[in-house]
Amino acid sequence: MAEEILTQTPVAPKVKEKKAASKKRSKLIADIITYVILILGSFIMLYPFWWMIAASFDGSMLHIQSGLVWWPTDTIASNLAVCNNDLFYTYKILMDGEIGLCVKITGGATIWRIIANTLIYSIVPVVVGVLTSASAAFAFAKIEWVGRDVVFMVLLAAIMIPGPSIMVIQYCMYSSFGWLSNDTGWMVMVIPGLFGSIMTAFFIRQFLYGMPTSIIEAAKIDGAGYWRIFWGFIVPLAMPAIMAQGLLSFMGCWNNYMGCWIMLGSFKMAWNLPVLVSAISDNIGGDLQKYGALFAGSVMSILPVLILFGVFQKQIIGSLMLTGSKE
Amino acid sequence: MEDLFSENKAVEVTADSTGVAAAKKKEKKPINQQKLQDNIWGWAFCAPLIIGTLVFVFVAFLISFILSFCNYTSNSGATLWEYFGRLSLKKNELGEISPFYNYIRLFITSDVVTGSGTAVTADNDNMWRLLFNTVFYMIGIPVGMILSMVLAVLMSRDIKGSGLFRVIYYIPCITSTVAVTFTFQNLFKSTGVINNLLGQTIQWTDGYAMKFGENGDPYWCGGLLMKVVVIIMSVWKGLGGTVILFCAGLSGVNAATKEAASIDGANSWMIFWKVTMPDLAPTIFYTIVTSVIGGMQIYAEPQLLFGSTGVNEFVDGYVAKITYYGFFNTSNKNYSYGCALGMFLFVIILILTLIQFKLQKED
């Protein structure tokens, strides 16, 4: 490059202009290629959801689902005929309080009960758990206490223990606590989450490190105790990190299939939405109409998460970029 | 805190009147009290997390470890605590005490006959095949990383709407595995969209596509297309998270170094390999570690895609064996064996992590 510049300097400005033009053109071509690849990729990312939504309005497997590639054109009319001219027929199959698929499969729990379960399992432990994680993060980042580093290392070691290797004993523990039943099943999904999560605590701790300690010192001089410092300063100031971590764990809990299925698989009143959806799939047998209900359930289980993500995408993506974490 | 403040004032007053030495002596007290406060509140703020981790992770781990040498099953007719009252070591099928029997059973691939009859019965689901499936699914990790690297580089270009692309690519990451799995199951049906597009009737998931294992062909061919579907799905689902990680890594690459390299005559390919990649190394390492640890625990995807109730040794991962013996074996849930299986998984993941950290250090 250096040599080129040297040889170029005496050449007329016309050549320079030409070079700039060709550079501009090559950037344009690169931009076009970039857009083509990214839009094609976005299509692949979104198509399954489009298919899922279309299939959820399908009263019979024979119509939309097997033939749909791009747009359900001539099949809509015949599909509506199958569905008694009711667009939400499949949703009604699933949700009906008396003869609905949900009531039939769970033996009495309506879809609203299942949704309420899912909400309880994802809101209560997340709200409380994020706050307990944040308080631990505060203690790690801003307070000096005897044993802090040891405790930190011990918690770090706990991450090394994979969930599946201890889940059998966790099941036995919950069973001996008397948590495993239709009425107390929620305890299994809620209580362990109340104590906070190590990863969340680490990420908030990382966030708090960036905060100046002088604020806390100033508050201390003004006579504020740690309790007031935490609620008055730390929680509001770390709100972006707390919100983002809370939203991510909410989505994780809302989608928690494995935990609910292995612990509460036989207690149908305590199921959450993902378990219900998988149970619909087991229940289909030869009844093609139930496929529509299966995807109606699927859409219901992804919709709240999509809406939340749509509203808070800036905070979530920003937090992911910041902490380098991922769900 | 209130009295601490007033005491500080008192120190100031005495310092004025009685001199420096006395002041120093008195100052010690508030500092100690501050330390006490620090210790109390530090532990208090951490207490919930510590208690939760101790009870639900460490105690559970310890019990798992102990019980893996015992014989605790759902037929024992005792709760966990009751069983601890009459703990007994595992006996093998001949009635001899053999604490490592649960672990030995893991490695037995066919019945072992001793002098006095069949001593050890092999599981129907061979652990090695499940481990093979688990590792096979990790083909998705390099594929996903290369794809997301390309996408991240494209998104980091100076174009409009790169934020929107990040959002779109991240959507699969946040949606329910269950919903997505059933969609893919139907997309890959023999009459599904994928076959419609390809104009083929490939049996992706119906039955045991390419089940060569029984004709003397190597067993890894069994269910090959089903495994491919699982890989496609997990790459599709995990892509967005890695893309965002790499975008974050790319934005951290030193722009000045890049410019210096381009002035020195490096083309963009060389800049990518010599400047960008070394800066991205920590991100790549982090991604590999977390993906391998996560990949070892694959469970829901194959289980849901192919709807097996027991263990399907053509597609299921290792964790399916734990869930089967610990939860779904209706005749007898063998908790102790589940614990042994879990301990083995822990050791595998520990070794893998240590190897990765060692490699990282050598670089």
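The values are calculated or read from the model by the stated rules, or taken from the named source; none is laboratory data. Here the structure is a predicted model, which means the values were calculated and not measured. Heads up, the Cβs are rebuilt from the backbone with ideal geometry, glycines too, and the neighbour counts pull from every protein chain shown. With ligands, DNA and RNA removed, areas are computed over all heavy atoms of the protein, side chains included. Shrake-Rupley method; radii C 1.70, N 1.55, O 1.52, S 1.80 Å.
Annotations for the structure displayed:
- The set of residues in the range B:247-260 that are in a helix (DSSP H, G or I) and facing chain A (nearest Cβ under 10 Å) comprises B:Cys247, B:Ala248, B:Gly249, B:Ser251.
- Where a residue in the range B:252-272 is within 28 Å of A:Leu320 (Cα to Cα) and its partner, wherever it lies, is of a type in the set (A, V, I, L, M) and in a helix (DSSP H, G or I), with Cβ under 6 Å and at least six apart: B:Thr257/B:Val275; B:Lys258/B:Ile271; B:Lys258/B:Val275; B:Ile271/B:Ala261
- Of the residues making up the range B:196-209, those that are closer than 25 Å to A:Ile302 by Cβ and outside any loop (DSSP other than H, G, I, E, B) are B:Asn196, B:Leu197.
- If the condition is being among the polar types (S, T, N, Q) and either under 15 Å from A:Ser175 (Cβ atoms) or in a helix (DSSP H, G or I) (or both), then the range B:50-107 contributes B:Thr53, B:Ser64, B:Thr73, B:Ser74, B:Asn75, B:Ser76, B:Thr79, B:Asn102.
- Sole exception among (1) modelled with pLDDT under 75; (2) within 14 Å of chain B (Cβ to nearest Cβ) for A:Ala77, by number: (2)
- When residues of the range A:236-246 are limited to those that are open to solvent by 20 Å² or more (accessible area, probe 1.4 Å) and in contact (Cβ under 8 Å) with a residue 24 or more places away in the chain, the one farthest from the chain's Cα centre (by Cα): A:Leu237
Quick grid of which residues meet (1) of a type in the set (S, T, N, Q); (2) assigned to a loop (DSSP other than H, G, I, E, B); (3) touching a Leu at 6+ places or on another chain (Cβ under 6 Å):
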{"residue": "B:Ala281", "(1), (2), (3)": "no, no, no"}
{"residue": "B:Gly310", "(1), (2), (3)": "no, yes, no"}
{"residue": "B:Phe314", "(1), (2), (3)": "no, yes, no"}
{"residue": "B:Ile355", "(1), (2), (3)": "no, no, no"}
{"residue": "B:Gln360", "(1), (2), (3)": "yes, no, no"}
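- The numbered conditions (1) over 14 Å from the mean Cα position of the chain (by Cα); (2) surrounded by fewer than 19 Cβ atoms within 10 Å (Cβ to Cβ) are all true for B:Asn312 except (2).
- Count of residues meeting criterion [more than 8 Å from chain A (Cβ to nearest Cβ) and in contact (Cβ under 8 Å) with a residue 24 or more places away in the chain] in the range B:313-334: 12
- Some residue of the range A:294-301 being aromatic (Phe, Trp, Tyr), in a helix (DSSP H, G or I) and facing another protein chain (nearest Cβ under 8 Å): yes
- Residues of the range B:236-269 classified as open to solvent by less than 20 Å² (accessible area, probe 1.4 Å) and either under 17 Å from B:Leu187 (Cβ atoms) or among the aromatic types (Phe, Trp, Tyr) (or both), total: 3
- For the range B:321-346, a tally of residues being in a helix (DSSP H, G or I) and either over 21 Å from the mean Cα position of the chain (by Cα) or under 15 Å from B:Phe100 (Cα atoms) (or both) returns 11.
- The condition of being among the β-branched types (Val, Ile, Thr) and either open to solvent by 50 Å² or more (accessible area, probe 1.4 Å) or modelled with pLDDT under 90 (or both) holds for only one of A:Ile284, A:Ile262, A:Ile302, that being A:Ile284.
- Selected residue (criterion: nearest to B:Thr290 (Cα to Cα)) from residues of the range A:202-235 that are in a loop (DSSP other than H, G, I, E, B) and within 12 Å of chain B (Cβ to nearest Cβ): A:Gly225
- Test for B:Ala340: is it closer than 24 Å to B:Val228 by Cα and crowded, with 21+ Cβ neighbours inside 10 Å: no
- Note on the range A:265-274: residues that are under 19 Å from the mean Cα position of the chain (by Cα) and either closer than 10 Å to A:Asn182 by Cα or open to solvent by 10 Å² or more (accessible area, probe 1.4 Å) (or both) total 1.
- Residues in the range A:121-158 that are β-branched (Val, Ile, Thr) and in contact with a helix residue (DSSP H, G or I) (Cβ under 6 Å, 6 or more places away or on another chain): A:Val124, A:Val126, A:Val128, A:Val130, A:Thr132, A:Ile143, A:Val146.
- Residue list for the range A:255-301, filter: closer than 22 Å to A:Ala55 by Cβ, of a type in the set (A, V, I, L, M) and free of Cβ contacts under 8 Å to residues at least 60 places away in the same chain: A:Val275, A:Val277, A:Ile284, A:Leu294
- Subset of the range A:206-221 that is polar (S, T, N, Q) and more than 10 Å from A:Lys142 (Cα to Cα) - its residue that is surrounded by the fewest Cβ atoms within 10 Å (Cβ to Cβ): A:Ser214
- All of B:Ile284, B:Ile293, B:Ile271 fail the test of being among the aliphatic types (A, V, I, L, M) and farther than 25 Å from A:Ile317 by Cβ, apart from B:Ile271.
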